[in-house]
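**Student:** Okay, here's the structure, questions in a sec.
We did not get these values from a lab; they are worked out from the coordinates using the rules stated. Keep in mind that this is a model prediction, so the values were computed, not measured. Please note: Cβ atoms are built from the backbone with ideal geometry, for glycine as well, and neighbour counts cover all protein chains shown.
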Amino acid sequence: MKDTQDYSSKTLKYRNLGWLVATLVLDALVLLVIAFHTAIEELTPTTVMAIRASLTALLPIPALILSSLISADHKAILVFWRLSHPLPGARAFSIHAPADTRIDLAALRKNIGEFPTAARDQNAKWYSLYKLVDSDPSVVDSHKNYLLFRDIAAMSLLLVPAVPLAMHFADIDTARMKVSAALFFGQYLLTAFAARTTGIRFVQNVLAVHASREVSGSKPQARKAVSAQQGLDN
C-alpha cells in the first residue's frame, strides 16, 4: 500500500525552511565580518549564539520570500543552464537512465513500456512515473535535497546584486561590496551544481524503482491520464 504521508513539494520545501534560514544566518555572520569590520575574535560563542537566535527568529519570512520570487521553471533554468526544457526529466530516458548502472533498461522498458524520445514527452512520462512512487524513501530524499539546493541557489543569485546595493546605500566601500557579490555568486555556483546533481539523481531514483519492480498503473494502457504540470514539482 502506498504511504499516505504527505511528500508533496510544498511539504518538502517547508521541511527545508530550517536549512534555508541556517544558510542565511551563516551568510549574515560572514557579512558582519566583511561589511562592518567585526573582528573574528569579537564574535565570542555567546555573541554568536545571541546573533544566531535573533536572526533565526527574524529570517523565516525573508527566506520564504526570497525562495518564492523566482518561479520553479526559472529556478530550473538557473540550475541546469538550459532555456528550453531545462528539467532533467526531459532527458530521463535518453541520457539519465542509460547513465545509471542501477537501471536495467530492458526491465524498465518491460515495466513501463516504450521510452519516449521528444524532450517534452520524456518529461511528461517521467512525471507520471514519479507520481506513482513519490513516497519511496530514495525518491523522497533526493527530491528534498534537490528542492533545498535549488532554492538556496536561486536565493544566492538574488543576493548577488541585492546585498552590494544595500551596502552602497549604507556607505560601505566598493571593495567590500565586490567581496560580498563574489561570496554570493560563489555560493550560487556551488549550490547550483549540487542541485543539478541531486535533480538528476531524483530522476534516476524514480526510474530505478520502476526498473526494479512493476508498479501498478505504470503501463501506458493501465495508466490514467496525468493532468499535473510537467516536470519536477514546483
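**Student:** Ranking request for peptides 117-129, 176-188: highest mean number of other beta-carbon atoms within 10 Å first, then the rest in descending order.
**Tutor:** 117-129, 176-188
**Student:** Explain nothing, just compute: Karplus ³J(HN,Hα) = 6.51 cos²θ - 1.76 cosθ + 1.60, θ = phi - 60°, for every residue of the stretch 190-204 in order, whole Hz, x for Gly and Pro.
**Tutor:** With the stated coefficients, the stretch 190-204 comes to 4, 6, 5, 5, 5, 5, 4, 5, 6, x, 5, 5, 4, 4, 5 Hz.
**Student:** Let me ask something else. Would you kindly derive the ³J(HN,Hα) couplings of the stretch 70-78 from the backbone phi angles with the Karplus curve 6.51 cos²θ - 1.76 cosθ + 1.60 (θ = phi - 60°), listing them in order in whole Hz, with x for Gly and Pro?
**Tutor:** My calculation for the stretch 70-78 gives 10, 5, 4, 5, 6, 4, 4, 5, 5 Hz in order.
**Student:** When only alpha-carbon atoms are used, what values of Rg and Dmax, in angstrom, describe the stretch 70-212?
**Tutor:** 18.6, 65
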